[in-house]
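Q: Shown below is the structure under consideration.
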Amino acid sequence: MKNGFKKFYLLPLLALIISGSDAFSQNLEGFGNKGSFNPEKNSVTTNFQFNGYTNYWHDSYRKWIRYGNLVKMAIPNVEYEVAQSKVDIAEDLKIPGLSLQEGFLNNLLADHYQLLDQPTLQKLSEAIVENNVLVLVDPETETGKKLADKLPKDDGWKEKLKSHQFGAKDFTAVNAFYLENGAKRLYVILSRDKTQRDRVSELISDTKNLLAKYDLRRGWFGAETLLKSVTCTAGHPLEVIGKGMNEGNSWFTFSGYMEFLEQKQLIDWLAKVNLPVVADVGFGGQIYGCKNYDGLQVQSMFTKESWIKYAHEKEGYAFRAVYDTEADPFHYDGYIAAEGNKEQIDNENFPFVTATGTLDSDAIPCMVLFVKKGEQITKQLMWEAIMDRREVGVLGNGKMMGPALYRNALELLLLDRVFTEEYFGDRISLEASTKDYSLNVSVTNTYSHAVSGKVEIVLPPELKIAGSLTSQINLPANGSKTLQFTLNPLAAAMGKTNPIAIHFKWDTNQKSTLTMLDLPRAISVQQLLYGHTPRVTYPVTIHNFSVKTVFPVKVQVLDRDNLKKVFYSSSQSCTTGTGTFKNMSFDLDVPPGSYKVKVTALGLENISQLGVGKAEGSPYMYTIDLNSDGVMEYRMENDSVQVTLLSTGARVIEYIVKSRHDNLLFKLWPDKPNDDKRPFRKRGYYPYGGFEDFLGQGSMETHKVYDVEVIKKEGDYVRLKMTADYFGNKLEKTFTLYGNSPLLEIQFALTFKNPEAKVIGPQPILELGATHGPEDVFTVPEKDGLHEYRMMQEKYYGHLFFLKEGWNAGYDTKEDISFVGAFPVTEPLFLHMWMNHPSNGDAHYYYAEFQPWVPIYQKSTMYFSYYMWGEGGPWQNGLKALRERNLITEH
């Protein structure tokens, strides 16, 4: 009965469910999603305006924007700010009531005209029959009244702006405008004040004379890209040049940290595409214009005299801050000036420069030089103009500083607007970029009329292009067009930054810009590697620049001293598309020894160094939670050392030499710095200690918890891999402790896409013995031999080393303990030493850093290896052990 009862009710219930499902499905047909994301439509805007005095007289016009009530931001009210900038410029010209019609000067300077001062109506009428006329006139005269009637009706800007200048007792309106009748023009300077009329006429005359004698050369002084630094900022020098050229720049200086090292590269890049642009370097706020920067040690020059002496010995210039009482006794060549220094710059007869800064700070300041007419800009002419004070600094909102003759002329031209736009080609925007192997060129016409012209591409010899290097384009008014070109790099382009110049020519004008195809090595490997027999894992990454999609990759292990003797050979087929890369792995089956490894692919080869040891010893690895935070630490041990790894930052926090019971590394963790709660503390250097990396300042790695994979926890070596993904940038570190020796290996593999991460600085933070003091002697194999360095207890300092061999060593003379670090010498830009001091604002401790600064390349996997050896006794023993393992490389 029960079963029958269930069946009796189940069938109608099932039918009801099916029926209800159909009905519900039918009901869903009437539903739709009308949601959208429209911040512009849904934001609420109110205006804020201030005209008056806070701690100075000024005028501010802002738009307050709210979104969802709680998102609030403020931006300039552009129309009002531009209008106010014209009032400010007029005040600086000492004609506070000047209103100049845009295009007035552009047309006047191009026309032949007759100058008339207070003419009668009859005389003016007669003159305009034959000539264009510039007339100076009082609006109360018959002629003036007639001309004043020709002015447009009040547009209300004066009432809207309410500028503080309008309330001045002596404020007098001065109108400069022009009237047209066919091809004839009548230019009018209208004011009740004769002095003001004459002042405008005089400024026009001065400007005309200067333009007859000089060309205007716009540039960015003190741009920063940090191409050679572990600190990150937006932009590559070639990108900066390209963006600046689109604004009309023809010269640049770069002064970011260590950018003086790119002096020759800049010259070579521009020469490859025949671009007549000046690109110079210097060191921010100190020295510029040197013929070279050989031997410059920016962290070891402690006196002002040392900077001045260096600059002058190198035929360059030394600069100082405008307000620096300690600099007053010394002879400098110029000022580094900012907006607040306008009074001094305008009135003191002293050369100056003003810094542009970084792209991510908007690169607003520029300088305009007055260079001899018709001469191509050169480094020499650039510096002649600066040192002769034929220069104007242009700051935010068009504020200017510099000698009155040149400043006032440029201010008058800016009031005109049309002249400066035409002079620098500003109505045409030319932008270029590369993605993969595509070159994208965008040309935008902001004229109110159509423009026709020709795009021309100039490539370096290492690049080719599919199709023509020129293209004719027609742009409607306010129109834009994007062209795409396929680039074909040759083998010689690999491992290089390849500049690409683009020109757009229209009418009698030309605008240019610059971009680049930055390419990795075609063959990426660990340039220095160690392993135990019988098998060594050897990673290889191939970037395919060819049209082939399948090709062989061959690996040969050669005798270090006889490259014709082959110990091992293997080949694999690589499949990857043009412009892409492939990670591969080879197992090298070789006996103990010292080797070179040759990788061959795509007609290229790479030779690296390999040491192979016997499979002996019994290290082991285990987990331990040292600070009871629930995040495990990983400890590797053998007879010689105890190594502790943190997954936070993937760092070695302890490297303890057992014979001396000493951690050779400075360690603050698990303690926090005493300024841990300082605002934005994690954006500065944050001292954990140990072996860590600089990748940004503060490092993007510092607080990141890595994923951990234990690869081998016992045997003749132990190995652990830590991996992190920084929003699409993959960083992998593999730690290996070998045998019963102190040898610790850290292999890096970086697959990065963010180009602002330009350099990584792997480094042990050393504190040999119980404390770091002058008893610690550090040895570096520089090009001219071994040099020793010690800390200075009274100050911090740094040094750059260009190495003969890839190692550095330290020895505590009191406690008889030593450290040697080894790395492939060809990979870093330089070895950077930093002797830290408690006065450091971010790290209040004594310790020593030795960082190989290694450039990061994109579009491939980049490899780097670092080896640590610490033991009781002198450092020479550790160096000898590393040599025996083939872990010392030479230039």
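Q: Express the relative contact order of the stretch 112-251 as a whole percentage, based on alpha carbon pairs under 8 Å and six or more residues apart in sequence. Could the numbers behind the result be given before it?
A: Details: 149 pairs, mean separation 26.8, N = 140.
It comes to 19 percent, rounded to a whole number.
Q: If you fit an axis through the alpha-carbon atoms of helix 237-246 and take the longest principal axis of the Cα set of the chain, what angle between them do you get, 0 to 90°, nearest 10?
A: 20 degrees
Q: Rounded to two decimal places and with Rh computed the Kirkwood way over Cα pairs, what is Rg over Rh for the stretch 298-370? Intermediate results must be reported in sequence, preceding the final value.
A: On the way: Rg = 13.7 Å, Rh = 13.8 Å.
Taking Rh as the inverse mean 1/r over Cα pairs, Rg/Rh reads 0.99.
Q: Rank-order 880-887, 838-845 by packing density, defined as the average count of other C-beta atoms within 10 Å over each peptide's residues, highest first.
A: Details: 880-887: 18.2, 838-845: 14.0.
Final packing ranking: 880-887, 838-845.
Q: Roughly speaking, to the nearest percent, how much of the stretch 779-820's 1.4 Å accessible area is carbon and sulfur?
A: 48 percent
Q: 222 nm [θ] for the chain, helices only, -39500 (n - 2.57) per DSSP H run of 4+, per residue, to 500?
A: -5500 deg cm²/dmol
Q: Let me ask another. Where the accessible area of the stretch 85-202 is counted over protein heavy atoms with a 1.4 Å probe, how much of it, in %, is carbon and sulfur?
A: Whole-percent figure for carbon plus sulfur exposure: 47.
Q: What number comes out for accessible area per residue over the chain if the probe is 1.4 Å? Units Å², please.
A: In whole numbers, the chain has 45 Å² accessible per residue.
Q: Could you estimate the translational diffusion coefficient of the chain from the Stokes-Einstein equation, with Rh from the Kirkwood formula over C-alpha pairs, at 25 °C and 0.890 mPa s, in whole µm²/s?
A: 76 µm²/s
Q: Using a 1.4 Å probe and ignoring any ligands, DNA or RNA, find the accessible area of residue 339 and quote it in Å² to the nearest 10.
A: Ignoring ligands and nucleic acids, residue 339 comes out at about 100 Å².
Q: For a Förster distance of 30 Å, can you work out the FRET efficiency between the beta-carbons of residue 325 and residue 58, rounded to the nearest 0.05? Working shown, then result.
A: Values: r = 28 Å, r/R0 = 0.94.
The computed FRET efficiency comes out at 0.60.
Q: Over the alpha-carbon set of the stretch 134-217, work out the extent along each principal axis and list the three values in angstrom, largest first.
A: So the extents along the principal axes, rounded to whole Å, are 40, 34, 24.
Q: Follow-up question, since we're still on this one. Take each of the peptides 134-140, 780-786, 520-526, average the number of other beta-carbon atoms within 10 Å over its residues, and list them starting from the highest. Present the calculation step by step, with values, prior to reporting the outcome.
A: Values: 134-140: 19.4, 780-786: 13.7, 520-526: 22.4.
Peptide ranking by packing, descending: 520-526, 134-140, 780-786.
Q: Share of Cα-Cα pairs in the stretch 793-888 beyond 18 Å, in percent?
A: The share of Cα pairs beyond 18 Å in the stretch 793-888 comes to 56 percent.
Q: Excluding residue 474 itself, calculate the net charge of residues whose Cβ lies under 12 Å from the Cβ of residue 474, where each Lys or Arg counts +1 and each Asp or Glu counts -1.
A: Local charge sum for residue 474: +2.
Q: May I ask you to derive the relative contact order of the stretch 562-697, considering only C-alpha pairs under 8 Å and at least 6 residues apart, and to give it as an integer percent?
A: 12 percent
Q: If you take every residue apart from residue 455 with its C-beta less than 15 Å away from the C-beta of residue 455, what net charge results, scoring Lys and Arg +1 and Asp and Glu -1?
A: +1
Q: May I pose another question? Given a 1.4 Å probe and every protein chain left where it sits, what share in percent of the accessible area of the stretch 289-404 is carbon and sulfur? The partial results should precede the final answer.
A: Details: 2560 of 5300 Å².
Solvent-exposed carbon and sulfur of the stretch 289-404 make up 48 percent of the total.
Q: Let me ask something else. I need the peptides 538-546, 462-470 ranked by packing, meaning the mean over residues of other C-beta atoms within 10 angstrom, with the highest value on top.
A: Result, highest mean first: 538-546, 462-470.
Q: Which of 454/496; 169/194; 123/150; 399/505; 291/795; 435/758 have a Cα-Cα distance over 20 Å? Numbers along the way, then the final one.
A: On the way: 454/496 29 Å; 169/194 17 Å; 123/150 18 Å; 399/505 31 Å; 291/795 31 Å; 435/758 18 Å.
Over 20 Å apart, Cα to Cα: 454/496; 399/505; 291/795.
Q: A follow-up question, please. Is there a pair in 548/598; 712/814; 153/208; 554/804 whose C-alpha atoms are over 32 Å apart, and which pairs would that be?
A: Beyond 32 Å between Cα atoms: 712/814.
Q: So, one more: Give me D for the stretch 719-835 in µm² s⁻¹, whole number, from Stokes-Einstein with Rh from the Kirkwood sum over alpha-carbon pairs, 10 °C and 1.306 mPa s.
A: In µm²/s, the coefficient is 97.
Q: A further question follows. By how many degrees, between 0 and 90 and to the nearest 10, does the Cα long axis of helix 263-272 differ from the longest principal axis of the chain?
A: It is inclined by approximately 70 degrees.
The values are calculated or read from the model by the stated rules, or taken from the named source; none is laboratory data. It should be emphasised that the depicted structure is a prediction, and the values quoted were computed from it without experimental measurement. For neighbour counting, all protein chains shown are included, and Cβ atoms are generated from backbone atoms with ideal geometry for every residue, glycine included. Just the protein is used for accessible areas: all its heavy atoms, side chains included, with ligands, DNA and RNA removed. Shrake-Rupley method; radii C 1.70, N 1.55, O 1.52, S 1.80 Å.
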